[in-house]
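Comments concern the structure below.
The values are calculated or read from the model by the stated rules, or taken from the named source; none is laboratory data. Since this is a predicted model, take the numbers as computed values, not measurements. All Cβ positions, even for glycine, are placed from backbone atoms using ideal geometry, and neighbour counts span all protein chains on display.
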Amino acid sequence: MCVRTLYQSDVNTAVGRGVMPSVKLALDHVNEHDSVLRNYRLHMWWNDTECNAAVGVKSFFDMMHSGPHKLMLFGAACTHVTDPIAKASKHWHLTQLSYADTHPMFTKEAFPNFFRIVPSENAFNLPRIRVLQHFNWTRVGTIYQNEPRYALAHNRLLADLDVHGFEIDETQSFATEVRSALAKLKERDIRIILGNFNETWAMRIFCEAYK
């Protein structure tokens, strides 16, 4: 049995640095215990996608046309690499498992062969709503980073808030600076702000909102 691993090894990311040791350790554990996959042994063929769609797709097709038959794909971390590979891998009936991609576009309907061990951005909406309900916060504002990953999740958040009867007083987006967007939310005297953005912008937004 062969497992194909496509991973991002950018030295500047904790995800990239930790992937290979974790995968190797998991394979060792599985292969050492007969009760997990009796009479089978897992082997791994890996490639670094470099978080580059062209490199990732070429690696995938090279892998499919050489070596032993593959049964599963593990990766990748970058959405613009994961997307084309997930679209192609279903034609080989390969199960693909991502360890880091949270993009909300990867739905069961559009990508039936794609699974992940991290939640989608959309999965955070219900917990947010439960917190709002617990504290009886009915009036909210929203802010999101103007990128597809966060815009899609934000659209779903607005729909979920509407279904549960919340008042959405103001919605703002941002691309290169966040001060003006937060200023408009503050002008409306909005005290509860829900956001969709990455961790880099989160630090700036929290600091700016505190001022």
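Suppose we keep only residues that are assigned to a helix (DSSP H, G or I) and not aliphatic (A, V, I, L, M) within the stretch 129-138. Which one would you say is nearest to the chain's Cα centre (by Cα)?
The residue in question is Arg130.
Of all residues in the stretch 40-62, how many are over 21 Å from the mean Cα position of the chain (by Cα) and surrounded by fewer than 18 Cβ atoms within 10 Å (Cβ to Cβ)?
9
Condition first: over 20 Å from Trp46 (Cα atoms), in a loop (DSSP other than H, G, I, E, B) and touching a Ser or Thr at 6+ places or on another chain (Cβ under 9 Å). Now tell me which residues in the stretch 112-128 satisfy that.
Val118, Pro119, Ser120
Has the stretch 155-176 got at least one residue that is modelled with pLDDT of 95 or more, in contact with a His (Cβ under 7 Å, 6 or more places away or on another chain) and outside the structural domain of Thr79 (by TED's automatic domain parsing)?
no
Spot the failing condition for Phe124; the list is (1) surrounded by 18 or more Cβ atoms within 10 Å (Cβ to Cβ); (2) aromatic (Phe, Trp, Tyr); (3) more than 19 Å from Met20 (Cα to Cα), and only one is missed.
(1)
For the stretch 8-65, enumerate the residues that are in a loop (DSSP other than H, G, I, E, B), among the hydroxyl-bearing types (Ser, Thr, Tyr) and at pLDDT 85 or above.
Ser35
Within the stretch 160-209, how many residues turn out to be within 20 Å of the chain's Cα centre (by Cα), closer than 20 Å to Asn136 by Cα and surrounded by fewer than 11 Cβ atoms within 10 Å (Cβ to Cβ)?
Residues that pass the stated criteria total 0.
When you scan the stretch 195-211, how many residues do you find that are assigned to a strand (DSSP E or B) and touching a helix residue (DSSP H, G or I) at 6+ places or on another chain (Cβ under 6 Å)?
1
Any idea how many residues of the stretch 139-182 are over 24 Å from Cys207 (Cα atoms) and not in a helix (DSSP H, G or I)?
4
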